1. Among the residues of region 31-60, which ones are over 21 Å from L75 (Cβ atoms) and small (G, A, S)?
2. Could you pull out the residue among G146, G201 that is more than 30 Å from L106 (Cα to Cα), part of a helix (DSSP H, G or I) and either open to solvent by 50 Å² or more (accessible area, probe 1.4 Å) or modelled with pLDDT of 90 or more (or both)?
3. Just a yes or no: is a residue in region 204-212 among the basic types (K, R) and surrounded by 14 or more Cβ atoms within 10 Å (Cβ to Cβ)?
4. Can we say G97 is more than 22 Å from V173 (Cβ to Cβ), touching a Ser or Thr at 6+ places or on another chain (Cβ under 6 Å) and touching a residue at least 12 places away in the same chain (Cβ under 8 Å)?
5. Under 9 Å between Cβ atoms, at least 6 apart or on separate chains: pull out the pairs that start in region 118-138 with a residue that is of a type in the set (A, V, I, L, M) and end on any residue that is surrounded by 10 or more Cβ atoms within 10 Å (Cβ to Cβ) and in a helix (DSSP H, G or I).
6. Take S49 and decide whether it is farther than 15 Å from V156 by Cβ and either in a helix (DSSP H, G or I) or free of Cβ contacts under 8 Å to residues at least 60 places away in the same chain (or both).
7. So, T86, is that one assigned to a helix (DSSP H, G or I), open to solvent by 60 Å² or more (accessible area, probe 1.4 Å) and not hydrophobic (A, V, I, L, M, F, W, C) or not?
8. Tally time: how many residues in region 154-185 are more than 18 Å from G58 (Cα to Cα), of a type in the set (A, V, I, L, M, F, W, C) and crowded, with 17+ Cβ neighbours inside 10 Å?
Amino acid sequence: MCFILGLDRTQAGHASLMLALTPIMTAFLSMLTGHEKPGPRTWGGASLSILGVALVSGATLRVEGREALVGNAILVTASAAWACYTVGARPIVRKYGSIRTTAWTLWVGAVGLVVAGSPALSRQDWGAVDGRAWGGMLFSATFAIGLAYLIWYRGVERIGNTRTAIYSNLTPVVALMAGAVLLNERPSALALMGAALTLAGVMIVRTDPGSAG
């Protein structure tokens, strides 16, 4: 909910930058809980990946009005919530496995979202929802949520919190590649440099033995 509410109030580039803080928050929480002992490679690699995301998304830390600032703050909250979620779920994943944890997470989460969204659902003009919208929702539920959550939990189970979280910073890079292949977009030199920095940051975190699960 924080991701959607924040994205509605600020630019997509700023959203990418705010969410890129997730690995840093995850590493910090993992250290506090004693799950992992992140070393200099983790902090340096995660910081490098944030810089890369900023270049890929074209985001800059500048004041753009109260609404945008509120949106950025909500997105930072989303990033913190995701970090807490990742670290907090680790004992459950190790006890019950990634598949059972994913199933229960989605069922319980779905109940909460339906309750929270009931007022909006009752006001929705369902006749105005076309086939593309239903298809998008089906794709999101199956792949962007169901499959993605399963892969995320499997990563936490196999390689630990921080190493899993750092891969989330590859999202803008993948979007950049998809735009070039599917939409014939031409990425700028800064965006390509940012992609390289993001990839380098991910690889650096992977080599830190302290961030292993």
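The values are calculated or read from the model by the stated rules, or taken from the named source; none is laboratory data. The structure displayed is predicted, hence computed values, not measured ones. Positions of Cβ are generated from backbone atoms using ideal geometry, with glycine treated the same way; all protein chains shown enter the neighbour counts. We work out accessible area using only protein heavy atoms, side chains counted, and drop any ligands, DNA or RNA first. Shrake-Rupley method; radii C 1.70, N 1.55, O 1.52, S 1.80 Å.
1. Once the filter is applied, which keeps residues that are over 21 Å from L75 (Cβ atoms) and small (G, A, S), region 31-60 yields G34, G39, G44, G45.
2. That would be G201, the only listed residue that is more than 30 Å from L106 (Cα to Cα), part of a helix (DSSP H, G or I) and either open to solvent by 50 Å² or more (accessible area, probe 1.4 Å) or modelled with pLDDT of 90 or more (or both).
3. Scanning region 204-212 turns up at least one residue that is among the basic types (K, R) and surrounded by 14 or more Cβ atoms within 10 Å (Cβ to Cβ).
4. Considered against the rule, which asks whether it is more than 22 Å from V173 (Cβ to Cβ), touching a Ser or Thr at 6+ places or on another chain (Cβ under 6 Å) and touching a residue at least 12 places away in the same chain (Cβ under 8 Å), G97 comes out as no.
5. Taking only residues 6 or more apart or on different chains, the pairs are L121/V114; V129/M137.
6. So S49 fits the description; yes.
7. So T86 does not fit the description; no.
8. Number satisfying all stated conditions: 3.
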